[in-house]
Amino acid sequence: LQVDENVENSNNFLIPHFMELKMSENTIDITIVGAGIVGVTIAIELLKKGFEVIIIEKEVRWGRGISSRNSEVLHAGIYYPENSLKAILCRQGNILLREYCEKREIGISNSGKLIVGWEKSHLNRLEEIRVNALKNGVYLKFMNKDEVAELEPVLNVVGALFSPQSAVLDLSTLIHSLYRDFESLGGMGAMGVEVTSLEKTSTAWMVRGKESDGGVFELESKVVINSGGLYSDSIAKMAGVDLKREDLELNWCKGDYFSLVAEKAKLIKRPIYPLPDKNGLGIHFTPDINGQVKLGPDTYYIEKEENYSVNPEKIEYFFESVKPFFPPIEKSDIAPLMSGIRPKLQKPNGVFRDFHIEEDLPGLINLIGIESPGVTASIALARFVVSSFFSC
Ligand SMILES: Cc1cc2nc3c(=O)[nH]c(=O)nc-3n(C[C@H](O)[C@H](O)[C@H](O)COP(=O)(O)OP(=O)(O)OC[C@H]3O[C@@H](n4cnc5c(N)ncnc54)[C@H](O)[C@@H]3O)c2cc1C
């Protein structure tokens with residue numbers, strides 16, 4: 001995998017001792033904090049290079065964080081600014097993850113997705129999106145009303161963009177498959193251990209944690225990779241990173257989903273998105289791999305509390321958002337389903353922020369702000385970490 005050289009990797013520390021990283025009696029090569037899709041894919045790539053790797057995860061099972069609360073869409077890389085890590089890793093990750101799913105026979109749709117406009121004034125915006133996607137190397141086909149009707153007969157549109165590379169994944173099977181790969185490559189998982197402190201010693205990091213049964217966990221590691229999702233900023237802070245100075249404080253941004261009754265769900269064959277707004281992609285329809293359709297997510301910033309409840313009063317807003325392009329919907333067709341929380345570096349109404357993937361302190365690599373398209377990008381992102389910090 002070649003990562004575009006235009007994207008500067010601005011880390012100053014490049015793990016100096018990577019060639020010497022070898023198993024020793026008391027010190028492990030690499031500790032990864034967080035067994036989400038990002039931590040597990042990075043671990044796999046490092047194990048393939050011959051490093052000894054342990055993943056420490058506070059939940060008793062892998063993949064229970066953001067990785068289990070999202071839309072399960074394999075994104076093409078349409079909206080991100082040109083040359084951003086999000087754009088590059090999404091495009092590369094789309095290819096790599098699709099290959100992986102096909103090889104392992106993990107469910108993946110081949111229906112593409114539609115971005116629809118239902119008013120004449122939407123056509124210019126669709127064209128802007130098409131041009132931006134092209135800059136990212138992503139081809140979108142403009143379709144007129146009749147062409148759209150051939151794909152999705154019930155939609156009310158004046159035109160749409162068709163993205164053939166977008167797809168829907170069976171994410172739960174994918175994460176289990178990745179974790180099995182991690183184990184079969186010799187990776188070690190410490191589940192139910194919450195990392196509570198990271199202390200630099202002269203040559204390594206002392207990683208301390210709390211086990212779910214109250215026990216104390218302690219390990220010395222030459223390198224620590226922080227892929228702690230919603231808590232990645234707090235973990236960096238534990239190690240001594242000044243979040244305020246580095247502008248690395250995460251903002252939590254929730255997204256709620258509603259379900260669509262089966263009778264209406266069968267009218268939709270692929271993800272259908274409206275035009276995006278400043279903070280998100282707009283309330284869209286996503287059929288999962290079994291044909292059940294989710295509406296959402298919406299986008300709103302919250303206090304840092306893992307509260308996944310969904311306010312049923314939002315039905316009105318969800319209904320009004322999709323009714324213009326999906327006329328068959330009735331309010332009684334939708335019900336609260338689930339929610340997820342995005343770890344955003346972007347502040348409310350703030351400017352675009354890219355993934356932060358840096359060696360912020362010697363031997364500490366932080367992955368902060370790994371929001372969407374984190375699932376899509378995962379394998380490409382893992383290879384980016386290896387090529388940036390563990391190669392000559
Ligand atoms: C609403 C929503 C929709 C999305 N839709 C899509 C989509 O359609 N397509 C796409 O590509 N991406 C999507 N994403 C983004 C994607 O889900 C994330 O980028 C990805 O799952 C991040 O994975 P992760 O491994 O970084 O985080 P996580 O899966 O959260 O993993 C981090 C892990 O770290 C653990 N942890 C945290 N603190 C500690 C600690 N102190 N000690 C030990 N362990 C710790 C957590 O328990 C967790 O398991 C969406 C995200 C959201 C919220």
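Take the residues in the stretch 251-270 that are among the charged types (D, E, K, R) and within 12 Å of the ligand (Cβ to nearest atom); name whichever of them is farthest from Val195 (Cα to Cα). Among those that are among the charged types (D, E, K, R) and within 12 Å of the ligand (Cβ to nearest atom), it is Asp256. Looking across the stretch 228-272, the residues that are under 30 Å from Asn156 (Cβ atoms) and among the charged types (D, E, K, R) come down to Lys254, Asp256, Glu263, Lys264, Lys266, Lys269, Arg270.
Could you look through the stretch 350-360, keep only residues that are more than 10 Å from the ligand (Cβ to nearest atom) and hydrophobic (A, V, I, L, M, F, W, C), and pick out the one that is modelled with the highest pLDDT? Before you say what the answer is, go through the steps one by one.
Step one: list which residues in the stretch 350-360 are more than 10 Å from the ligand (Cβ to nearest atom), which gives 350-354, 356-360.
Still in the list and also hydrophobic (A, V, I, L, M, F, W, C): 351-352, 357.
On the way: Val351: 94, Phe352: 94, Ile357: 98.
Applying the filter and picking the extreme gives Ile357.
Take the conditions modelled with pLDDT under 95 and either more than 15 Å from the ligand (Cβ to nearest atom) or buried (at least 22 other Cβ atoms within 10 Å of the Cβ) (or both) and apply them to Thr31. Does it pass? The answer is no for Thr31. The set of residues in the stretch 302-354 that are of a type in the set (Phe, Trp, Tyr) and under 30 Å from Leu155 (Cβ atoms) comprises Tyr317, Phe318, Phe319, Phe325, Phe326, Phe352.
Comparison of Lys347, Lys323 shows that the only residue that is of a type in the set (Lys, Arg) and either within 25 Å of Tyr100 (Cα to Cα) or touching a residue at least 40 places away in the same chain (Cβ under 8 Å) (or both) is Lys347. Within this structure, Ile95 fails the test of being within 17 Å of Thr173 (Cβ to Cβ), surrounded by fewer than 24 Cβ atoms within 10 Å (Cβ to Cβ) and among the aliphatic types (A, V, I, L, M). Here Pro81 clears all of (1) over 18 Å from Ala167 (Cα atoms); (2) crowded, with 24+ Cβ neighbours inside 10 Å except the condition numbered (2).
Inclusion of Ile88 among residues that are in contact with an Asp or Glu (Cβ under 7 Å, 6 or more places away or on another chain), within 20 Å of Ser372 (Cβ to Cβ) and in a helix (DSSP H, G or I) is warranted.
Filtering the stretch 361-384 to residues that are more than 12 Å from the ligand (Cβ to nearest atom), part of a helix (DSSP H, G or I) and touching a strand residue (DSSP E or B) at 6+ places or on another chain (Cβ under 9 Å) leaves only Phe384. Scoring Lys237 on the criteria (1) closer than 18 Å to Trp62 by Cα; (2) under 24 Å from the mean Cα position of the chain (by Cα); (3) among the basic types (Lys, Arg) leaves a single failure, condition (1).
Whether any residue in the stretch 211-223 is farther than 30 Å from Pro324 by Cβ and in contact with a helix residue (DSSP H, G or I) (Cβ under 7 Å, 6 or more places away or on another chain) is what I want to check. No, the conditions are met nowhere in the stretch 211-223. When the helices (runs of 4 or more DSSP H) confined to the stretch 134-240 are screened for residues that are at pLDDT 95 or above and crowded, with 16+ Cβ neighbours inside 10 Å, those reaching at least 3 such residues are found at 171-184, 232-239.
Among the candidates Gly228, Gly209, Gly240, which residue alone is in contact (Cβ under 8 Å) with a residue 12 or more places away in the chain and at positive phi?
On the way: Gly228 fails: at positive phi; Gly209 fails: at positive phi.
Just one listed residue meets the conditions, Gly240.
Only a single item in (1) more than 14 Å from the ligand (Cβ to nearest atom); (2) crowded, with 19+ Cβ neighbours inside 10 Å; (3) under 16 Å from Glu320 (Cα atoms) is not met by Leu248, and it is number (3).
One residue stands out among those in the stretch 322-352 that are crowded, with 18+ Cβ neighbours inside 10 Å and among the small types (Gly, Ala, Ser): the one that is farthest from Arg245 (Cα to Cα), which is Ser339.
The values are calculated or read from the model by the stated rules, or taken from the named source; none is laboratory data. All of these numbers come straight from a predicted model, not from anything done at the bench. In this analysis, Cβ positions are derived from the backbone assuming ideal geometry, glycine residues included, and neighbour counts consider all displayed protein chains.
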